[in-house]
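Undergrad: This is the structure, below, for whatever I ask next.
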Amino acid sequence: MPRGNFTNPPLSKTSAAQCFFGYTLPTFTTNNFQGIGMSGILRALIAFAVMTSLAACGGQSDDTVTATTSMAASDAEVARVDTDRIKAAVEEPEMWLTYGGTYDEQRHSALGQINRDTLPELGVGWVYETAKPRGAEATPLVVDGVMYVSSAWSVVYALDAKTGEELWVYDPEVSGEDAAKGCCDVVNRGVAVHNGKVFIGVFDGRLEALDAATGEVIWSEVTVDQSKPYTITGAPRVFKDKVIIGNAGGELGVRGYVTAYDVDSGDLVWRFYTVPNPEKKPDGAASDAILAKLANETWGDDGAWVTDGGGGTAWDSIVYDTVNDQILIGVGNGSPWNPDIRDPNGDGDNLFLSSILAVDADTGEYRWHYQTTPRDRWDYTATQQIMLADLPLGDDGADRRVVMQAPKNGFFYVLDAADGELISATPFTNQNWTTGEFDENGRPVLVEEAVDLALYAVVPGPTGAHNWHPMAFNPDTGLVYIPVNEIPFFYDKTRNVQESKSHWNIGYDAAAGWPVEYPAGTLDAVAGLDGGSLLAWDPVKAEPRWAVPFALPLNGGVLSTDAGLVFQGNKFGDLVAYDAETGEQLWSERLVGNAAAAPMTYEIDGEQYLSVLSGWGSVSNLIAGFTYGKAVGEEPARVITFKLGGNEPMPTPMGDQVVATPKSPMFGEPEQHQLGMQRYAESCHFCHGAFAVSGGVIPDLRWSAISASEQAWDQVVRDGALTKQGMVAFSERLSKEDTDAIRAYVIQQAWLAVANGNASASGGN
């Protein structure tokens, strides 16, 4: 049943799993929400199993092709998109011209051929298999019969949108070594198209303009210092004669900014830094004046932010507001997360971390900001989707142009688009870091335990109440449809994490809640727990309408249509259609892999198509593989496109071929296993999985022959023998004692799986 009242069962303080992990768990209360339920507690106990990182994992084949093409068309005939055409995108529902569908990024389509009555006829029209596996998060664009879509490793594909025929492929040939710079898999969320060019933000920090007809590179600009752990995973946006891109890397120590480039030449037009210069000096950028006037004083003069940048990366939502001629930027978390390390002697808000920031579209100069989480310490990014709409929130119910966002911190915000005035901020799910109230200055009223972080499970955790997965708005129902997560987290400060040599350093204990051993059934119990919902939210009344619960978090992005349908993929691999008014499930289809990406729709020759990118990877597939029961194979991403009367078969999933049996006798003492668990949590589980349980996309080290041999282990882990495949050398980060301990822990976990009945000592399981 939908949980519109957000009331969960009371906590049980006597569960076996809870006692085993050894934490005293608080009772969660906030405003009119009660508790987080046993599901949330158990997820809190596994701590980093829900975190987002890709410290050094997985790789790509050396058999890459820079650009292949079979398209025969001139530049003038292809991708004829400009600012005016995107402004009028609602008049061309048969197209999908920009990442969010229109500049307002509502992800709503006026197409209605696929409707409640015709859903039974919906079947697979065509499937295109991408060249490489790993996370699939992009929204395809469709322009005049051509689909432009990106996938893992920033590879771009041009396809015939009617048939799925490949027109060209561009591979920027990202080095496998660069995977170590990523937080959340080697993903890419999409491209932008403008006047015969396709723009791609490449994982290694390049912004490239491709010929839309051939895929050949027109210009390429390095947008970051590539010696630092910057990446790009978000989709660029185009407006006027500019293309704009941000960057990622806040967990690894960088300074965030966004940059606008000339679409024709690639020349830098303006740049805005979201965090002050470490010396609080000018950068020669559009942000200089406002940083000096407003932001510098909100930071101290020392701490990790001075040496490591402070974070504030704009890694996802960047939106052009056509009415106010401004760019809206969602700003990310601080680096490290822990402000006691990041800015130990400062007591300010750390602007512009975790803020919605508005700047002039032509100059990049500051307009206004609203900080959703002052002095962020929980990874509560405000990078989540920014959406524009005209709602009856003005005087006497007149339309008012507003900004809407449901960021990680669990509040749904409605702001005036012209000046950033706070109209409403309401919890849309359980949260316990505030009282649910705001002071007279529009600042959240904090809960002391959530600040002190003394064995307090904070809700939401770092994956957020809502992550990058796009939401949608239906102007007819007046509802916003949000993919909601329910995942608490222990931000444990019990050891001196500042001295950690891990490349990925958040300032908290990465192994909080981890046991070296656990009884049979523990992981199975965790795997079957509640994790999120699809929530229909009324932004005018600031209240929920309905919710559909899910057993796992981090379900897919959302599409809304005029036919009164809401489409969303889930973690189990289903693409589902819901009634937009009630949440009733009307249709579903099992995909190959699962669909974290948002579906989109278009029309060609009078036929409506529904398309979604499906794959295996991204955050939870890498980290929380144990929740799936069985590892998957190295599944490629696929563009799966439906139409009425479609009868193509769904591809058969690849099975995991690894034999789950230990390859070495157990060795080492409990102290070594404990050290190995700590170092594994800091440096390995971000790719290879919590508790050394892989989801299958990245090798499961428990069953690897490499783990059985000290020599082979050292060659790979310490010397970087598989660097080209993404497994970089750790000898500069970890001592020989550390890497030996990790190996001992991995083998110990293999035999623990045997003891718990989850593997065989002799193969065959």
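The values are calculated or read from the model by the stated rules, or taken from the named source; none is laboratory data. The structure presented is a predicted model; accordingly, all values stated were derived computationally and were not measured. Quick reminder, even Gly has a Cβ in these numbers, built from the backbone with ideal geometry, and neighbours come from all protein chains shown.
Undergrad: If I ask for residues that are modelled with pLDDT under 50 and either outside the structural domain of SER154 (by TED's automatic domain parsing) or not polar (S, T, N, Q) (or both), which ones from the range 67-92 would you list?
TA: Selection gives MET71, ALA72, ALA73, ASP75, ALA76.
Undergrad: Kindly indicate which of GLU648, GLU607, GLU635 is under 22 Å from the mean Cα position of the chain (by Cα) and touching a residue at least 40 places away in the same chain (Cβ under 8 Å).
TA: Step by step, each of GLU648, GLU607, GLU635 is checked, and only GLU635 is under 22 Å from the mean Cα position of the chain (by Cα) and touching a residue at least 40 places away in the same chain (Cβ under 8 Å).
Undergrad: Sort out which residues of the range 687-702 are outside any loop (DSSP other than H, G, I, E, B) and either in contact with a His (Cβ under 6 Å, 6 or more places away or on another chain) or surrounded by fewer than 24 Cβ atoms within 10 Å (Cβ to Cβ) (or both), and write them in order of number.
TA: Within the range 687-702, LEU701 is the sole residue that qualifies.
Undergrad: Still on this structure: Does the range 527-544 include one or more residues that are surrounded by fewer than 23 Cβ atoms within 10 Å (Cβ to Cβ), farther than 20 Å from MET387 by Cβ and in contact with a Phe, Trp or Tyr (Cβ under 7 Å, 6 or more places away or on another chain)?
TA: Scanning the range 527-544, I find at least one residue that is surrounded by fewer than 23 Cβ atoms within 10 Å (Cβ to Cβ), farther than 20 Å from MET387 by Cβ and in contact with a Phe, Trp or Tyr (Cβ under 7 Å, 6 or more places away or on another chain), so the answer is yes.
Undergrad: Another question, if that's okay. What is the residue count in the range 705-729 for residues that are of a type in the set (A, V, I, L, M, F, W, C) and assigned to a helix (DSSP H, G or I)?
TA: The total comes to 7.
Undergrad: So, one more: Does ARG271 qualify as being touching a Ser or Thr at 6+ places or on another chain (Cβ under 6 Å), at pLDDT 95 or above and of a type in the set (D, E, K, R)?
TA: It is true that ARG271 is touching a Ser or Thr at 6+ places or on another chain (Cβ under 6 Å), at pLDDT 95 or above and of a type in the set (D, E, K, R).
Undergrad: So which residues in the range 175-194 are at pLDDT 95 or above and not small (Gly, Ala, Ser)?
TA: Of everything in the range 175-194, those that are at pLDDT 95 or above and not small (Gly, Ala, Ser) turn out to be ASN188, ARG189, VAL191, VAL193, HIS194.
Undergrad: Being in a loop (DSSP other than H, G, I, E, B) and aliphatic (A, V, I, L, M) is the filter; apply it to the range 360-399 and report the residue that is surrounded by the fewest Cβ atoms within 10 Å (Cβ to Cβ).
TA: In this case the residue turns out to be ALA398.
Undergrad: Give me the pairs, please: first residue somewhere in the range 331-343 and in contact (Cβ under 8 Å) with a residue 60 or more places away in the chain, second residue anywhere and hydroxyl-bearing (Ser, Thr, Tyr), beta-carbon distance under 6 Å, and either six or more positions apart or on two chains.
TA: VAL331/THR274; VAL331/SER355; GLY332/THR313; GLY332/THR381; GLY332/THR383; ASN333/THR381; ASN338/TYR508
For (1) more than 14 Å from ASN247 (Cα to Cα); (2) buried (at least 20 other Cβ atoms within 10 Å of the Cβ); (3) touching a Pro at 6+ places or on another chain (Cβ under 6 Å), each residue gets a yes or a no:
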| residue | (1), (2), (3) |
| --- | --- |
| VAL187 | no, yes, no |
| ALA192 | yes, yes, yes |
| LYS197 | yes, yes, no |
| ARG206 | no, yes, no |
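Undergrad: A further question follows. Here's a check for you: in the range 189-203, which residue that is touching an Asp or Glu at 6+ places or on another chain (Cβ under 7 Å) and assigned to a loop (DSSP other than H, G, I, E, B) is nearest to ARG85 (Cα to Cα)?
TA: Among residues in the range 189-203 that are touching an Asp or Glu at 6+ places or on another chain (Cβ under 7 Å) and assigned to a loop (DSSP other than H, G, I, E, B), the one nearest to ARG85 (Cα to Cα) is ASN195.
Undergrad: If LEU422 satisfies every condition in (1) under 30 Å from ASP360 (Cβ atoms); (2) crowded, with 16+ Cβ neighbours inside 10 Å; (3) among the aliphatic types (A, V, I, L, M) but one, which is the exception?
TA: (2)
Undergrad: Starting from residues that are part of a strand (DSSP E or B) and in contact with a Phe, Trp or Tyr (Cβ under 6 Å, 6 or more places away or on another chain), keep the ones in the range 208-219 and report whichever is nearest to ILE245 (Cα to Cα).
TA: Per the criteria, the residue is ALA209.
Undergrad: Separate question: Here are some conditions: (1) of a type in the set (Gly, Ala, Ser); (2) under 28 Å from LYS643 (Cβ atoms); (3) in contact with a Leu (Cβ under 6 Å, 6 or more places away or on another chain). SER560 meets all but one. Which one does it not meet?
TA: It fails just one condition, (3).
Undergrad: Related question: Return the residues of the range 126-146 that are more than 19 Å from the chain's Cα centre (by Cα) and among the aliphatic types (A, V, I, L, M); say none if nothing qualifies.
TA: Selection gives VAL127, ALA131, LEU141, VAL142, VAL143, VAL146.
Undergrad: Take the range 437-465 and flag every residue that is outside any loop (DSSP other than H, G, I, E, B) and closer than 20 Å to GLY532 by Cβ.
TA: ALA457, VAL458
Undergrad: Any residue in the range 127-148 that is assigned by TED's automatic domain parsing to the domain that holds GLY205, at pLDDT 95 or above and part of a helix (DSSP H, G or I)?
TA: No, the range 127-148 has no match at all.
Undergrad: Do we find a residue being in the same structural domain as ARG367 (by TED's automatic domain parsing), over 23 Å from VAL728 (Cβ atoms) and part of a strand (DSSP E or B) anywhere in the range 220-236?
TA: Yes - at least one qualifying residue is present in the range 220-236.
Undergrad: Any idea how many residues of the range 678-691 are more than 22 Å from the chain's Cα centre (by Cα), closer than 24 Å to PRO133 by Cβ and either not aromatic (Phe, Trp, Tyr) or not assigned by TED's automatic domain parsing to the domain that holds ASP740 (or both)?
TA: 0
Undergrad: Another one. Please enumerate the residues belonging to the range 336-359 that are assigned to a loop (DSSP other than H, G, I, E, B), at pLDDT 95 or above and either among the basic types (Lys, Arg) or under 24 Å from SER317 (Cα atoms) (or both).
TA: ASP349, ASN350, LEU351, PHE352, LEU353, SER354 - these are the residues of the range 336-359 that are assigned to a loop (DSSP other than H, G, I, E, B), at pLDDT 95 or above and either among the basic types (Lys, Arg) or under 24 Å from SER317 (Cα atoms) (or both).
Undergrad: Specify the residue that is nearest to ALA759 (Cα to Cα); the eligible residues are those in the range 473-511 that are small (Gly, Ala, Ser) and at pLDDT 80 or above.
TA: Filtering the range 473-511 for residues that are small (Gly, Ala, Ser) and at pLDDT 80 or above, the one nearest to ALA759 (Cα to Cα) comes out as ALA511.
Undergrad: Pick from ALA212, ALA235: which is surrounded by 24 or more Cβ atoms within 10 Å (Cβ to Cβ) and either over 26 Å from PHE686 (Cα atoms) or modelled with pLDDT under 95 (or both)?
TA: Being surrounded by 24 or more Cβ atoms within 10 Å (Cβ to Cβ) and either over 26 Å from PHE686 (Cα atoms) or modelled with pLDDT under 95 (or both) holds for just one of ALA212, ALA235, which is ALA212.
Undergrad: Can you tell me which of PHE667, PHE642 is of a type in the set (A, V, I, L, M, F, W, C) and more than 30 Å from LEU119 (Cα to Cα)?
TA: PHE667
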